[in-house]
Amino acid sequence: MNAKKLIEENNRKREQLTPENEAYYSDMLLYIRLQLTLSEQQSEEVLMEMLDHLLDGQKEGKTARDIFGDDPKAYADEIIQQLPKEERRAVIPFLGGLALNLFSWFLIIRGIIVLIVSQFKDVDTNVYIFPAIIVGFVIVGTILLGIWFIFGLIKKSLFQEKPTEKSDMVKAGLLGSGAMGLVIAVSMLLPDFGPSFAFSWRASFGAGVVLWLLLYVLKKRGERVA
């Protein structure tokens with residue numbers, strides 16, 4: 001089976017686990033899947049083998065700790081060391097797809113905001129190319145930083161007896177607020193210069209929808225995009 005089918009099968013089989021075994025196994029599953037440099041296909045095959053082994057042991061009255069040990073992180077690290085690396089060209093589309101997905105929503109939301117505000121006052125819909133490129137780089141940079149930071153929070157929250165969801169949510173919220181503030185500040189402080197073009201709410205909303213649909217179709221076809 002390809003990686004997509006393995007993930008679907010894994011989700012189905014995990015429903016057979018006891019709550020204790022499911023919590024133990026899910027931490028290892030997330031920890032391994034968050035290693036974006038690993039081969040997705042090989043990772044999912046190993047995760048499926050682990051799940052089958054756990055289900056067989058569970059029928060005999062064994063727990064995940066009985067099978068994999070009391071240190072799931074160390075066990076997962078051993079597996080990670082043995083898994084082959086993902087090809088660089090497969091990792092880049094995933095991160096690029098995630099950034100483009102968020103950018104599509106940015107275009108959609110911009111279109112909606114321009115439409116609403118234009119009902120009350122005139123709105124300058126001209127987009128200056130060079131400042132827009134600079135703002136675009138800032139947006140992509142903050143998105144990638146956010147992905148790295150959130151993945152780090154998730155990894156740290158795994159294998160913990162006491163959950164840290166509240167503090168993680170606060171940290172993620174602060175990062176999001178800071179990133180949004182940075183994008184707004186750059187947008188406001190950058191002077192308008194260079195060539196420009198009119199970008200109406202219809203064009204913005206339509207471009208966002210088309211981009212989102214394109215990414216959706218690619219994802220359904222099994223391409224490695226977020």
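A few points about this structure:
- Among the residues making up the range 100-111, those that are over 24 Å from F193 (Cα atoms) and open to solvent by 40 Å² or more (accessible area, probe 1.4 Å) are L100, L102, W105, I109.
- Qualifying residue in the range 129-141 (condition: among the small types (G, A, S), more than 27 Å from P191 (Cβ to Cβ), touching a helix residue (DSSP H, G or I) at 6+ places or on another chain (Cβ under 9 Å) and at pLDDT below 90): no
- If you check E49, E22, E45, E9 for being charged (D, E, K, R) and either surrounded by fewer than 12 Cβ atoms within 10 Å (Cβ to Cβ) or under 17 Å from the mean Cα position of the chain (by Cα) (or both), only one passes: E49.
- Being free of Cβ contacts under 8 Å to residues at least 40 places away in the same chain, open to solvent by 50 Å² or more (accessible area, probe 1.4 Å) and of a type in the set (D, E) is a property that D66 has.
- Residues (outside any helix (DSSP H, G or I) and either among the acidic types (D, E) or buried (at least 16 other Cβ atoms within 10 Å of the Cβ) (or both)) located in the range 168-195: D192
- Some residue of the range 97-107 being outside any helix (DSSP H, G or I) and touching a residue at least 60 places away in the same chain (Cβ under 8 Å): no
- Residue tally, condition at pLDDT 85 or above and farther than 22 Å from G111 by Cα, over the range 192-226: 3
- The set of residues from the range 112-125 being open to solvent by 70 Å² or more (accessible area, probe 1.4 Å) and either more than 30 Å from A172 (Cα to Cα) or within 29 Å of the chain's Cα centre (by Cα) (or both) comprises I112, I113, Q119, F120, K121, D122, D124.
- Contacts under 8 angstrom Cβ, first residue in the range 147-161 being outside any helix (DSSP H, G or I), partner open to solvent by 60 Å² or more (accessible area, probe 1.4 Å), 6 or more apart: L158/L30; L158/K73; F159/K73
- So L55, is it in contact (Cβ under 8 Å) with a residue 24 or more places away in the chain, open to solvent by less than 60 Å² (accessible area, probe 1.4 Å), within 20 Å of P72 (Cα to Cα) and assigned to a helix (DSSP H, G or I): yes
- Test: residue in the range 76-90 that is in contact (Cβ under 8 Å) with a residue 24 or more places away in the chain, open to solvent by 50 Å² or more (accessible area, probe 1.4 Å) and part of a helix (DSSP H, G or I): no
The values are calculated or read from the model by the stated rules, or taken from the named source; none is laboratory data. Worth saying up front: this structure is predicted, and the values here are computed from it rather than measured. Counting neighbours? That spans all protein chains shown, and the Cβs are built from the backbone with ideal geometry, glycine included. All accessible areas refer to the heavy atoms of the entire protein, side chains included, with ligands and DNA or RNA removed. Shrake-Rupley method; radii C 1.70, N 1.55, O 1.52, S 1.80 Å.
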